[in-house]
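Q: Have a look at this one before I ask anything.
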Amino acid sequence: MRIAVFNNPGDKSTTVATDLIQKLKQNQFVIDNDDPEIVITVGGDGTLLAAFHHYEKQLNRIRFVGVHTGHLGFYTDWRDFELDDLVASLLQDTGQQISYPLLDVGVRFQNEAARTHYLALNESTFKRVSATLVADVYIRGEHFESFRGDGLCLSTPTGSTAYNKSVGGAVLHPRLEALQLAEMASLNNRVFRTLGSPLVIAPSEWIDIYPDRSAGDYVLQVDQFLLRKSPLEEIRYRIADQRIAFARYRHMHFWQRVGDAFIGTDDL
């Protein structure tokens, strides 16, 4: 089995990654950072997010495993002191996996006919730099609302516990085939009205955002990447054809993880 180890540059993660590579080699695994079958990330959710984008052209043949060296992460199943158990699980690997949906972000710039596509594991946000965002929101080709406010956040189910939750979005189970739109500080008064609640969109639907063409200082973020090319004509959000796969060797109850992360209880 070909395995890549992808770690953040912190001292602890580097030490753990070095130890893990040694254990993998001792058990006859091949370390291959170019064409791996499994990518093991060492760090936290941010490290796994970086690894996802590094290998996003190879998602159809890669499974991910996360080892966290700090706080509990939503994408990381193993702790840094469980390396021997992880290696033992890899030795018993039968190809088991669980996969989750991703977000396709199709961006069309003014004076360009084709969309440029990006993948998001967590979310994409759309804002303005120093003024109110004005944009029309369409769902499956039908006008839904004219938005005015700080911005819009489109997230995957796995990303629902990240920025989406911070702006009032719902927490979705990662096995749901859906994408979610959450408004960020929308203006609601006698003149301007929006729904003001998170929207969960079905797999057969998509969301189009048409920003006010008179403004050009838009900031479009896809996961941790800022796309500053402008002016924007349209953004289309839909569930991507690609998925991310995790090599799942033991069951980690999602709602237990949510409780541990946000409530601090082991009673769920």
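The values are calculated or read from the model by the stated rules, or taken from the named source; none is laboratory data. What you see is a predicted model, and the numbers here were worked out from it, not measured in a lab. For neighbour counting, all protein chains shown are included, and Cβ atoms are generated from backbone atoms with ideal geometry for every residue, glycine included.
Q: Considering only residues of the range 20-68 that are over 17 Å from the mean Cα position of the chain (by Cα) and in a helix (DSSP H, G or I), which is surrounded by the most Cβ atoms within 10 Å (Cβ to Cβ)?
A: Looking at the filtered set, the residue picked out is Leu20.
Q: Can you tell me which residue in the range 81-132 is nearest to Phe225 (Cα to Cα), limited to those that are buried (at least 20 other Cβ atoms within 10 Å of the Cβ) and of a type in the set (Asp, Glu)?
A: Only one residue tops the list, namely Glu123.
Q: Scanning for something of a type outside the set (Phe, Trp, Tyr), out of contact with any helix residue (DSSP H, G or I) (no Cβ under 8 Å at 6 or more places or on another chain), surrounded by 15 or more Cβ atoms within 10 Å (Cβ to Cβ) and modelled with pLDDT under 90, does the range 238-246 turn up at least one residue?
A: no
Q: Filter the range 50-92 for residues that are more than 21 Å from Asp223 (Cα to Cα) and of a type in the set (Ser, Thr, Tyr) and give the result.
A: Result: Thr69, Ser89.
Q: Conditions first: (1) charged (D, E, K, R); (2) closer than 26 Å to His253 by Cβ; (3) touching a Leu at 6+ places or on another chain (Cβ under 7 Å). Asp19 passes all but one, so which condition is the exception?
A: Condition (2) is where Asp19 drops out.
Q: Could we say that Asp77 is assigned by TED's automatic domain parsing to the domain that holds Thr41, surrounded by 18 or more Cβ atoms within 10 Å (Cβ to Cβ) and either more than 25 Å from Val42 (Cβ to Cβ) or over 15 Å from the mean Cα position of the chain (by Cα) (or both) here?
A: Taking the combined requirement at face value, the residue satisfies it.
Q: Name every residue in the range 1-13 that is under 24 Å from the mean Cα position of the chain (by Cα) and over 21 Å from Tyr249 (Cα atoms), in order of residue number.
A: If the condition is that a residue be under 24 Å from the mean Cα position of the chain (by Cα) and over 21 Å from Tyr249 (Cα atoms), then Asn8, Pro9, Gly10, Ser13 are the ones that fit.
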